[in-house]
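One structure below.
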Amino acid sequence: MSVSFRILSSLGLVYVHYAGHAKMADTLHAFSEYAQHPDFRPGQKQFVDLSQLTGWDEDYLELMKAQAKKAETFTGNNAQTLITYFAPTEIGQKLARLALRSWEPFPSVVPIILDTEEQALAILGVPRTNLNQLLKPAG
């Protein structure tokens, strides 16, 4: 699967990782799993890592459907959701810009595109400076 997620409950954060060629079907499947996860909460901050994305299926209709489905879930209980797209590559930037535009009808979703891990984590208020620190197992 081209997308995975990890809920970091102690930080109120969801880490979403894309690798290789992204398929909208994989995105919808992963999002469905996330929305049903016991640690899911409306308003959780999102760190979307597009650093290893090499392409995507460019199905714009499915992208819009996916964003609408996400918006329904994100806006529950009048929550506001901050999403940072970590997009240090050209293909990541392209997909992030499309996602950004798709959130325009949803004022409770605040998306931001950044090209460094440190900036993305700082915007989210996470007390880490890189992904290795963020994802390191506790212990």
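The values are calculated or read from the model by the stated rules, or taken from the named source; none is laboratory data. All figures in this text were calculated on a predicted structure; none of them were measured in a lab. Positions of Cβ are generated from backbone atoms using ideal geometry, with glycine treated the same way; all protein chains shown enter the neighbour counts.
General remarks:
- Boolean, Thr54 is surrounded by 15 or more Cβ atoms within 10 Å (Cβ to Cβ) and among the β-branched types (Val, Ile, Thr): no
- Candidates Met24, Met1 - the one that is over 14 Å from the mean Cα position of the chain (by Cα), at pLDDT below 95 and farther than 17 Å from Leu135 by Cα: Met1
- Restricting segment 81-139 to residues that are out of contact with any strand residue (DSSP E or B) (no Cβ under 8 Å at 6 or more places or on another chain) and of a type in the set (Asp, Glu), the residue that is surrounded by the fewest Cβ atoms within 10 Å (Cβ to Cβ): Glu90
- Residue in segment 32-45 that is more than 20 Å from Leu11 (Cβ to Cβ), in a strand (DSSP E or B) and in contact with a Lys or Arg (Cβ under 9 Å, 6 or more places away or on another chain) present: no
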